[in-house]
Structure formats: C-alpha cells, structure tokens
1. Among (1) in a helix (DSSP H, G or I); (2) out of contact with any Gly (no Cβ under 8 Å at 6 or more places or on another chain); (3) open to solvent by 60 Å² or more (accessible area, probe 1.4 Å); (4) over 25 Å from Ser86 (Cβ atoms), where does Thr268 come up short?
2. Out of the residues in region 200-255 that are aromatic (Phe, Trp, Tyr) and either assigned to a helix (DSSP H, G or I) or at pLDDT below 90 (or both), which is farthest from Thr140 (Cα to Cα)?
3. Could you list all residues from region 27-43 that are open to solvent by 10 Å² or more (accessible area, probe 1.4 Å), assigned to a helix (DSSP H, G or I) and either among the aliphatic types (A, V, I, L, M) or farther than 21 Å from Ala97 by Cβ (or both)?
4. Applying the selection to region 146-184, what residues are part of a helix (DSSP H, G or I), among the charged types (D, E, K, R) and within 19 Å of Pro64 (Cβ to Cβ)?
5. Considering only region 218-233, state which residues are among the hydrophobic types (A, V, I, L, M, F, W, C) and in contact with a Phe, Trp or Tyr (Cβ under 6 Å, 6 or more places away or on another chain).
6. Val126 is checked against (1) within 20 Å of Ile235 (Cα to Cα); (2) more than 21 Å from the chain's Cα centre (by Cα); (3) not in a helix (DSSP H, G or I) and fails just one. What number does that condition carry?
7. Test Lys122 against the stated conditions and say whether it is closer than 23 Å to Pro22 by Cβ, surrounded by fewer than 19 Cβ atoms within 10 Å (Cβ to Cβ) and of a type outside the set (Gly, Ala, Ser).
8. Between a residue in region 110-122 that is at negative phi and any residue that is open to solvent by 100 Å² or more (accessible area, probe 1.4 Å) and in a helix (DSSP H, G or I), which pairs come within a Cβ distance under 7 Å, given they are 6 or more apart or on different chains?
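The values are calculated or read from the model by the stated rules, or taken from the named source; none is laboratory data. Treat the numbers as computed from the prediction; the structure is a model and nothing was measured. Glycine gets a Cβ as well: all are built from the backbone with ideal geometry, and neighbour counts include every protein chain shown. Just the protein is used for accessible areas: all its heavy atoms, side chains included, with ligands, DNA and RNA removed. Shrake-Rupley method; radii C 1.70, N 1.55, O 1.52, S 1.80 Å.
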Amino acid sequence: MNQEAKGTLFAFIALILVGIEPVVIKSNPVNPLSFAAFSALFASLILWVMILPSGKWRELKEIPGHLHKAFLVGLFGTALAYIAYSYGARMSTAINASLITRSEVLYSFVLSYLFLRERITKKQLVLSLIILLGIVLVITQGRFIEPKRGDVLLLLTPLFWQIGHTIAKQLKYSPYLIATLRNTFGGLILLVLALSFDLEFTKLAVAEGVIIALTQVLWYSAIRLINLSKATAIITPAPAVAIGLSILLGENFTVYHAIGFMLIMIGTLGVSKIKSERR
C-alpha cells in the first residue's frame with residue numbers, strides 16, 4: 001500500500017471513531033470539565049503504555065526543542081477544544097455537535113494554505129463548498145435559525161483543533177508520541193481547571209479515553225502521509241455515524257438531513273481522490 005492510500009485509509013477509520021464521539025460526550029452525566037480531564041488523562045495513559053515499550057519516548061531526548069510546541073498542541077487541540085466541545089454539546093445536541101464541527105474543513109484550508117504551504121486546488125475548494133452546503137442544510141433544516149450559545153462553542157471547537165493540527169504537522173515526533181504528549185499536556189491543563197469544581201468520575205470517560213487514543217494515533221499517522229486539508233475533508237462525513245446512533249436513540253431524521261448527507265458524501269469522496277501536493 002503506497003503512502004497516499006495508507007494515509008487515506010487511516011483517515012477513513014478515524015472518521016468512524018469521530019462519529020461515535022459526540023454521542024458519548026452528549027451522554028456524559030457529570031461536570032464537563034471533569035469528564036474532559038479524566039478522558040484526556042485516560043487516553044494519555046493508554047498511549048504511554050503503547051509507546052514506552054517501543055522506545056519512541058526517546059525522541060524527547062533526541063529532539064528536546066519541540067517540547068514547547070507539543071504543549072501548544074495539548075493546549076489548543078485538547079484543552080481549549082475539549083472545553084468548547086463538552087459545554088457546546090451539553091447546550092446543544094449530539095447531531096448538532098457532529099455536524100457543526102465539520103466546519104473544520106474551512107479552518108483547515110485557511111491554516112494549511114497560510115502556514116503549511118499546502119496546495120488547495122479549485123476542484124478541492126468547490127467540493128469542500130458542496131460539503132459545507134450539506135452541513136448548512138442539515139443544521140438549518142432549510143430555514144434561518146439563530147445560533148444558540150452551544151452552537152457557537154461548537155463552531156470554535158474545530159478552530160482549536162486545526163490550530164493544534166497545524167502545529168502538530170510541523171513536529172518531528174512520531175504520531176504516537178504527538179498524540180501522547182497532546183493528551184498528557186491537555187489532560188493536566190483540564191485537571192487543574194476542573195479542581196475549581198467538584199471532580200466527578202464516570203465510566204463513559206474511560207470509553208471516551210479509548211476513542212481519543214485510537215483516533216489521534218490514526219489521525220496523526222494520516223496527516224503525516226497526506227495533506228492536512230485532504231485528511232480533514234475525509235473525516236467530514238463523521239456526522240453520519242452520530243446521526244445514525246442518535247436516530248436509534250429517538251431523534252428525528254428529515255429530508256434536509258438526507259439531502260445534506262448526500263452533498264457531504266459527494267464532496268468528501270471527491271476530495272479523497274485528489275493527490276496531496278504543496279505549492
């Protein structure tokens with residue numbers, strides 16, 4: 001399997017996990033900060049167990065100059081993003097959480113073009129606009145709806161993710177170590193913040209920790225092999241998984257959902273066939 005195909009496969013597996021995540025977060029019965037802190041720390045524990053026997057931790061000694069960047073990945077990609085995501089999902093719905101965060105593709109294009117010198121083709125831009133149109137249809141249901149506070153927080157979540165991804169793309173560490181440091185730093189930041197509230201533990205934090213660990217290893221492996229903007233577009237249909245689960249839990253599925261998902265899938269499949277290039 002060549003580099004492009006392998007990176008694309010990793011991104012598609014991450015898509016499934018990303019789709020499950022908002023349903024788990026929405027189901028959280030405890031304080032969002034506590035849930036976020038325990039989830040990130042449990043994910044970091046899983047990842048440390050994975051990398052310690054492999055010796056990948058030695059990269060910290062070999063490339064010590066990148067540790068401050070790894071902290072920033074944890075700050076933006078985990079701590080700030082998780083705060084916005086957890087509170088946003090609680091004030092909104094699992095379906096909204098999964099759909100609104102797909103605006104990540106737009107942030108991805110801007111940041112990867114400006115800072116990573118990735119080439120964004122006209123075809124890629126048109127396909128991404130089709131994806132966004134599908135997202136808008138699903139969110140608005142064909143009429144103007146004033147954004148709720150939860151939806152605004154959900155719009156900030158992918159911006160924090162993409163800032164973290166942009167920094168991570170420039171790190172010299174392996175994908176496993178990047179994911180480990182991201183959750184370690186992010187989890188510790190969240191734990192400090194959560195101490196101001198009553199710490200509460202739920203078994204769902206363990207499930208979320210497993211999802212985080214697997215998703216991030218796959219994600220960082222993908223963006224090491226293919227363009228960040230392409231990988232981001234591939235995981236755009238993740239709401240399909242979340243909506244499927246939400247329907248099983250009793251939420252409605254409308255014609256606007258159907259049309260929106262058709263557009264999202266058409267755009268995503270088109271983007272996944274574009275070869276990663278630099279300008």
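1. If we test Thr268 against (1) in a helix (DSSP H, G or I); (2) out of contact with any Gly (no Cβ under 8 Å at 6 or more places or on another chain); (3) open to solvent by 60 Å² or more (accessible area, probe 1.4 Å); (4) over 25 Å from Ser86 (Cβ atoms), just (3) comes out false.
2. Step one: filter region 200-255 for residues aromatic (Phe, Trp, Tyr), giving 201, 219-220, 253.
Among the residues that remain, those that are also either assigned to a helix (DSSP H, G or I) or at pLDDT below 90 (or both) are: 219-220, 253.
Details: Trp219: 29, Tyr220: 32, Phe253: 13 Å.
So, considering only residues that are aromatic (Phe, Trp, Tyr) and either assigned to a helix (DSSP H, G or I) or at pLDDT below 90 (or both), the one farthest from Thr140 (Cα to Cα) is Tyr220.
3. The answer is Leu33, Leu41.
4. Kept after step one, since they are part of a helix (DSSP H, G or I), are these residues of region 146-184: 149-169, 175-184.
With the extra rule that they be among the charged types (D, E, K, R), the set shrinks to 149, 151, 169, 182.
Correct list: Arg182 only.
5. Residues of region 218-233 that are among the hydrophobic types (A, V, I, L, M, F, W, C), as a first pass: 218-219, 222-223, 225-226, 228, 231, 233.
If the condition is that a residue be among the hydrophobic types (A, V, I, L, M, F, W, C) and in contact with a Phe, Trp or Tyr (Cβ under 6 Å, 6 or more places away or on another chain), then Leu218, Ala222 are the ones that fit.
6. All conditions pass for Val126, except number (3).
7. Details: closer than 23 Å to Pro22 by Cβ: no; surrounded by fewer than 19 Cβ atoms within 10 Å (Cβ to Cβ): yes; of a type outside the set (Gly, Ala, Ser): yes.
Considered against the rule, which asks whether it is closer than 23 Å to Pro22 by Cβ, surrounded by fewer than 19 Cβ atoms within 10 Å (Cβ to Cβ) and of a type outside the set (Gly, Ala, Ser), Lys122 comes out as no.
8. Ile120/Tyr113
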